[in-house]
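Below is one structure, written out as structure tokens, with a few remarks after it.
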Amino acid sequence: MIRSFLLQLGLYTTLYSSVHLWDEKSYKMGLLFVPLIGLLLGGILYGLSLALPVNLQPFMLVLVYCLLTGGLHMDGFGDTLDGFLARRGREEALRIMKDPHLGTFGLLGVLLLLLGYYSFMTESGKLLLLLPAVGRFSPMLVAYKKNYAREQGMGKLFVESLNLSQSIPWLFILGLLHFLLGEWIYLLTFILSILFSLLMGLWCKRSIGGMTGDTIGFTIEATQLFYLLAYTLLEALWI
């Protein structure tokens, strides 16, 4: 189990290099730990927010998040927007997403994503602890029973290996953690974010017939941005 955890830690963060640990069995077992890695990232970000002066928090939180994740999922976020928003059909969308060059839609999307993180991370309070976990849980729910849209790809094993025994426990764990934070807005934010991620899954299915490695990254980052925005709006409406 430790091998499986370290393997996923190396895939989802820059905290560890797990190339030497790769094997398919460990990868499949390690999917259970993906939200746990999110909790680890959230703990680092939340601890940093408590330690830093207020004026440094927005930039440093975004910087550290990018350094910890290597910008891995932001790449998928931009590629997915380039492919989907081109509105040229499934095959052309898949071709555009595979292109290593970032297009206009992707560039604008990533800039807005970073701007959203910069604006809302410091305002999320205790939810910063759970933000990366919610983001990394979302594709586990969205990609379940979905087709892989390409014949081969980095996300193929992820999509084909998912099962309810990995995702359902985390649905209850994350729901409970939001409840224990003590504000009904926290739990509502989580529920709305799950619904949003499911809608993103339907968009992926409609656009390209399923999921890819890029759309997995897109789901993570888009759900996190929605999570922050939803909490900010709910808090403003509640006040």
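The values are calculated or read from the model by the stated rules, or taken from the named source; none is laboratory data. Everything quoted here is computed from the prediction, not taken from an experiment. Reconstructed Cβ throughout: ideal geometry from the backbone, glycine too, with neighbour counts over all protein chains shown. Heavy atoms of the whole protein, side chains included, go into the accessibility calculation; ligands, DNA and RNA do not. Shrake-Rupley method; radii C 1.70, N 1.55, O 1.52, S 1.80 Å.
Does residue 109 count as closer than 26 Å to residue 9 by Cα, in a helix (DSSP H, G or I) and modelled with pLDDT of 90 or more? Break it down stepwise before answering.
Numbers: closer than 26 Å to residue 9 by Cα: no; in a helix (DSSP H, G or I): yes; modelled with pLDDT of 90 or more: yes.
Against the criterion (closer than 26 Å to residue 9 by Cα, in a helix (DSSP H, G or I) and modelled with pLDDT of 90 or more), residue 109 does not qualify.
Of everything in segment 87-102 that's at pLDDT below 85 and either basic (Lys, Arg) or in contact with a helix residue (DSSP H, G or I) (Cβ under 7 Å, 6 or more places away or on another chain) (or both), which residue is surrounded by the fewest Cβ atoms within 10 Å (Cβ to Cβ)?
Taking the candidates together, the pick is 87.
Which residues, taken from segment 19-53, are over 20 Å from the mean Cα position of the chain (by Cα), modelled with pLDDT of 90 or more and open to solvent by 60 Å² or more (accessible area, probe 1.4 Å)?
50, 51, 53
Hey, among 128, 141, 108, which residue is farther than 19 Å from residue 230 by Cα, out of contact with any Cys (no Cβ under 9 Å at 6 or more places or on another chain) and buried (at least 19 other Cβ atoms within 10 Å of the Cβ)?
Details: 128 fails: farther than 19 Å from residue 230 by Cα; 108 fails: buried (at least 19 other Cβ atoms within 10 Å of the Cβ).
The conditions single out 141.
Right, residue 208: more than 23 Å from residue 8 (Cα to Cα), of a type in the set (Val, Ile, Thr) and at pLDDT below 90 or not?
Values: more than 23 Å from residue 8 (Cα to Cα): yes; of a type in the set (Val, Ile, Thr): yes; at pLDDT below 90: yes.
Spelling it out, residue 208 is indeed more than 23 Å from residue 8 (Cα to Cα), of a type in the set (Val, Ile, Thr) and at pLDDT below 90.
Are there any pairs with C-beta distances below 8 angstrom linking a residue in segment 1-14 that is free of Cβ contacts under 8 Å to residues at least 12 places away in the same chain to a residue that is part of a helix (DSSP H, G or I), with the two at least 6 apart or on different chains, and if so which?
Listed pairs, sorted by first residue: 10/19; 10/21.
Here are the criteria: (1) closer than 30 Å to residue 164 by Cα; (2) open to solvent by 30 Å² or more (accessible area, probe 1.4 Å); (3) part of a helix (DSSP H, G or I). Tell me which single one residue 16 does not satisfy.
Result: residue 16 fails condition (3) only.
Looking for something assigned to a helix (DSSP H, G or I) and more than 16 Å from residue 110 (Cβ to Cβ) - is there at least one such residue anywhere in segment 68-80?
Keep residues of segment 68-80 that are assigned to a helix (DSSP H, G or I), which gives 68-69, 72-80.
Then drop every residue that is not more than 16 Å from residue 110 (Cβ to Cβ), which leaves 68.
Yes, segment 68-80 contains at least one residue that is assigned to a helix (DSSP H, G or I) and more than 16 Å from residue 110 (Cβ to Cβ).
Taking the condition modelled with pLDDT of 90 or more, touching a Phe, Trp or Tyr at 6+ places or on another chain (Cβ under 8 Å) and within 15 Å of residue 201 (Cα to Cα), does residue 137 pass? Even if it seems obvious, please write down each step before you answer.
On the way: modelled with pLDDT of 90 or more: yes; touching a Phe, Trp or Tyr at 6+ places or on another chain (Cβ under 8 Å): yes; within 15 Å of residue 201 (Cα to Cα): yes.
Considered against the rule, which asks whether it is modelled with pLDDT of 90 or more, touching a Phe, Trp or Tyr at 6+ places or on another chain (Cβ under 8 Å) and within 15 Å of residue 201 (Cα to Cα), residue 137 comes out as yes.
Does residue 57 count as closer than 29 Å to residue 204 by Cβ and modelled with pLDDT under 95?
Details: closer than 29 Å to residue 204 by Cβ: no; modelled with pLDDT under 95: yes.
Criteria not met by residue 57.
Of everything in segment 172-193, what is open to solvent by less than 70 Å² (accessible area, probe 1.4 Å), touching a helix residue (DSSP H, G or I) at 6+ places or on another chain (Cβ under 7 Å) and under 27 Å from residue 5 (Cα atoms)? Give them in sequence order. Break it down stepwise before answering.
Of the residues in segment 172-193, the ones open to solvent by less than 70 Å² (accessible area, probe 1.4 Å) are 174-175, 177-178, 181-182, 185-190, 192-193.
Still in the running and touching a helix residue (DSSP H, G or I) at 6+ places or on another chain (Cβ under 7 Å): 174-175, 178, 181, 185-190, 192-193.
Of everything in segment 172-193, those that are open to solvent by less than 70 Å² (accessible area, probe 1.4 Å), touching a helix residue (DSSP H, G or I) at 6+ places or on another chain (Cβ under 7 Å) and under 27 Å from residue 5 (Cα atoms) turn out to be 174, 175, 178, 181, 190, 193.
For residue 238, all conditions in the list (1) modelled with pLDDT of 90 or more; (2) open to solvent by 10 Å² or more (accessible area, probe 1.4 Å) hold save one; what is the number of the exception?
(1)
For segment 81-105: of the residues being without any contact (Cβ under 8 Å) to a residue 40 or more places away in the chain and touching a Gly at 6+ places or on another chain (Cβ under 7 Å), which is farthest from residue 226 (Cα to Cα)? Reasoning before the result, please.
First, pick out the residues of segment 81-105 that are without any contact (Cβ under 8 Å) to a residue 40 or more places away in the chain: 82, 85-89, 91-92, 95-96, 98-105.
Checking which are touching a Gly at 6+ places or on another chain (Cβ under 7 Å) leaves us with 82, 96, 102.
Working: 82: 19, 96: 25, 102: 23 Å.
Taking the candidates together, the pick is 96.
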